[in-house]
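Undergrad: The structure's right below; bear with me while I get my questions together.
The values are calculated or read from the model by the stated rules, or taken from the named source; none is laboratory data. This structure is a prediction, so every number in the text was calculated from the model and none was measured. Positions of Cβ are backbone-derived with ideal geometry, glycine not excepted, and every protein chain shown enters the neighbour counts. Just the protein is used for accessible areas: all its heavy atoms, side chains included, with ligands, DNA and RNA removed. Shrake-Rupley method; radii C 1.70, N 1.55, O 1.52, S 1.80 Å.
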Amino acid sequence: MKNDQTLGEILRQQGISRRGFLKFCVATASLLALPPGMVPAIAAALEKARRPSVIWLSFQECTGCTESLTRSDAASIEDLIFNTISLDYHHTLQAASGTGAEDARESAMKENWGKYVLVVDGSIPTGNPGYSTIAGISNVEMLMEAAAGAAAIVAVGSCASFGGIPHASPNPTGAVSVTDLISDKPIVNVPGCPPIPVVIAGVLTHFLTFGIPELDELHRPLAFYGKSIHDRCYRRPFYDKGLFAESFDDEGAKKGWCLYKLGCKGPTTYNACATTKWNQGTSFPIQSGHPCLGCSQPDFWDAGGFYHALSIPTEDTARTVLYGAATGVAAGLALGGLNRARKAHAARKHEKVTINDLEKGG
Amino acid sequence: MARTTLAEFAIEVGDAGTHNVQPLLHEIRHALAQLLEQGKETVIDLRSIPLAPGEEAAIEQALGEGEVRATLSALGPSDFRETSYPGVWVVTHYNRDDQIVGKFVEVTSAPALLRSQTEDIAAGLQRLEARLTQDGGGRVV
Ligand code: SF4
């Protein structure tokens, strides 16, 4: 399939009707969190879109992000990969291996220099180059070479976006994110551990239709990361009434009350889980009774324990507050009003600080 | 020793609602009035609203079943159901693996995708002409 054909031409060649195409556009509008009234604009843009060459590099990662993408229910993954992008290199999904695979990467780069989309998952070790290599080439070297010819870079997953788990203290490999190394290219971060499958697909589709999406301060697309989990959580009425589960098997937990005291990071986490949900819109962690871990935020692994309430002091609270502020956390959040003296005292004494203590302290 | 059963861990959702059902029904009422008075159509994306478990079903139940049900078969099935309120349709699109890719409330006299599309009509005409040419061995005028 040639890359210079438009998507409209390709779909027609495959016998897909105009109705089928419009249905795809309706699903795309929903996926991109655009109002349904945008469908004609999406149809016009997709009709003319040309399949971009995509080179996907995987560095220090667990393959969870690729697993997530291949479970995308947006359009079926086959449609996404074969119709809307030309996936020229992905060492997990491609059939070629060894020198054949590396040749494919090099020739795709050469043929599409300056035009291809570079997708990266995994963090990049900056310590010993031997910590992570592909075909004997260090991750840093491969990234810098591929980035030089890319039109744009999509960092998929929290590792590529923020360093992720490899970057967690004590960060033995010196792992860094894509934005730590590259500043002269448009970079879109799609964090999450893993990211929601349809969000990965949505960002790639946005490239095709309207180019680089609108981003927040952490390079995340606002369409998916513009609202906190807490803003859109169905348990929010309980939070507002002060009704909290205190343990995983108490009455509050059984009644579906707010999980804040069990460590929910929903108030400082920006992602689409509460509305898009997982497994074809079936559920998301909070709906299953588990607090949000905050996996789409920088350094979530070092944020003081998954089961510690946000109001409980952590070594890294200053950073948590900073990231929260950077993304516009709602005023009045318990963290914002943290009584620092009380917190420092509790940290020394290893006491628990409850929401009630903080409210008392103001 | 009494063993803990799975049911004891079940999360009750009866009173865990977002209270979004009633406002949504009001939004539909406004949209329906607009359709009647100004002919303006509205589409509401059900997947963009925070809903508690069971609330999507509650909305569908409140809207009820109407006179028309249609299925479209293009890139997977789509289900068009007029509700008990004429002009209010629940539309569900599935992909080829039967997974839901979109769910909408459409306030319209007929969902746009049910109509034959101009491009498809043109392609159909070409096919019919080609067939008749082949069958009759001559040109279609
Ligand atoms: S703290 Fe967590 S469970 Fe509670 S309302 Fe916020 S996001 Fe939902």
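Undergrad: Could you tally the net charge around A:Glu214, taking each other residue with its Cβ under 14 Å from the Cβ of A:Glu214, Lys/Arg +1 and Asp/Glu -1?
TA: Numbers: positive: A:Arg220, A:Lys227; negative: A:Asp216, A:Glu217.
Neighbour charge sum, excluding A:Glu214 itself: 0.
Undergrad: Rank these by accessible area, largest first, 1.4 Å probe: B:Tyr85, A:Tyr89.
TA: Working: B:Tyr85 110, A:Tyr89 0 Å².
The most accessible residue leads, giving B:Tyr85, A:Tyr89.
Undergrad: Hey, another quick one. How much of A:Glu217 can a 1.4 Å solvent probe reach, expressed as accessible area in Å² and rounded to 10?
TA: Estimated to the nearest 10 Å², A:Glu217 gives 130 Å².
Undergrad: Follow-up. Counting only protein heavy atoms and a 1.4 Å probe, tell me what percentage of segment A:7-221's accessible area is made up of carbon and sulfur.
TA: Values: 4420 of 8030 Å².
Exposed carbon and sulfur together represent 55 percent of the surface.
Undergrad: Follow-up. Between B:Gln117 and B:Gln22, 0.36 nm times their residue separation minus their Cα-Cα distance comes to what?
TA: On the way: separation 95, 0.36 × 95 = 34.20 nm, distance 3.56 nm.
So the extension gain works out to 30.6 nm.
Undergrad: Pop the C-beta distance of B:Thr71 and A:Asn128 into the FRET formula with R0 = 51 Å and round what comes out to the nearest 0.05.
TA: Working: r = 59 Å, r/R0 = 1.16.
That gives a FRET efficiency of 0.30.
Undergrad: Still on this structure: Compute the FRET efficiency between B:Ser109 and A:His290 as 1/(1 + (r/R0)^6), taking r as their Cβ-Cβ distance and R0 = 45 Å, and round to the nearest 0.05. It would help to have the intermediate numbers written out before the result.
TA: Values: r = 45 Å, r/R0 = 1.00.
The formula returns an efficiency of 0.50 here.
Undergrad: Could I ask something else about it? Just how much of A:Ile187 is accessible, in Å², when a 1.4 Å probe is used and the result is rounded to the nearest 10?
TA: Its heavy atoms expose roughly 10 Å² to the probe.
Undergrad: Using a ≥ b ≥ c from the Cα gyration tensor of segment A:7-221 (square roots of the eigenvalues), is it rounded, prolate or oblate, where a/c under 1.5 gives rounded and otherwise the larger of a/b and b/c decides, a/b for prolate? It would help to have the intermediate numbers written out before the result.
TA: Numbers: a/c = 2.06, a/b = 1.58, b/c = 1.31.
Verdict is prolate for segment A:7-221.
Undergrad: Something else: For A:Asp302, A:Asp216, give me the order by solvent-accessible area with a 1.4 Å probe, most accessible first, ignoring ligands, DNA and RNA.
TA: Numbers: A:Asp302 50, A:Asp216 25 Å².
From most exposed to least exposed: A:Asp302, A:Asp216.
Undergrad: Put A:His290, B:His19 in order of accessible area, largest first, 1.4 Å probe: what do you get? Could you put the intermediate results ahead of the total?
TA: Values: A:His290 60, B:His19 125 Å².
From most accessible down to least: B:His19, A:His290.
Undergrad: Add +1 for every Lys or Arg and -1 for every Asp or Glu among the other residues with Cβ under 12 Å from the Cβ of A:Cys264, and state the total.
TA: Values: positive: A:Arg235, A:Arg236, A:Lys261, A:Lys265; negative: none.
In short, +4.
Undergrad: Run the 1.4 Å probe and let me know the accessible area of A:Lys255, rounded to the nearest 10 Å².
TA: In the full protein context, A:Lys255 sits at about 70 Å².
Undergrad: Put a dot 7 Å past each Cα toward the Cβ at B:Ala130 and A:Ser107; how far apart are the dots in nm?
TA: Placing both labels 7 Å beyond Cα along the Cβ direction yields 3.3 nm.
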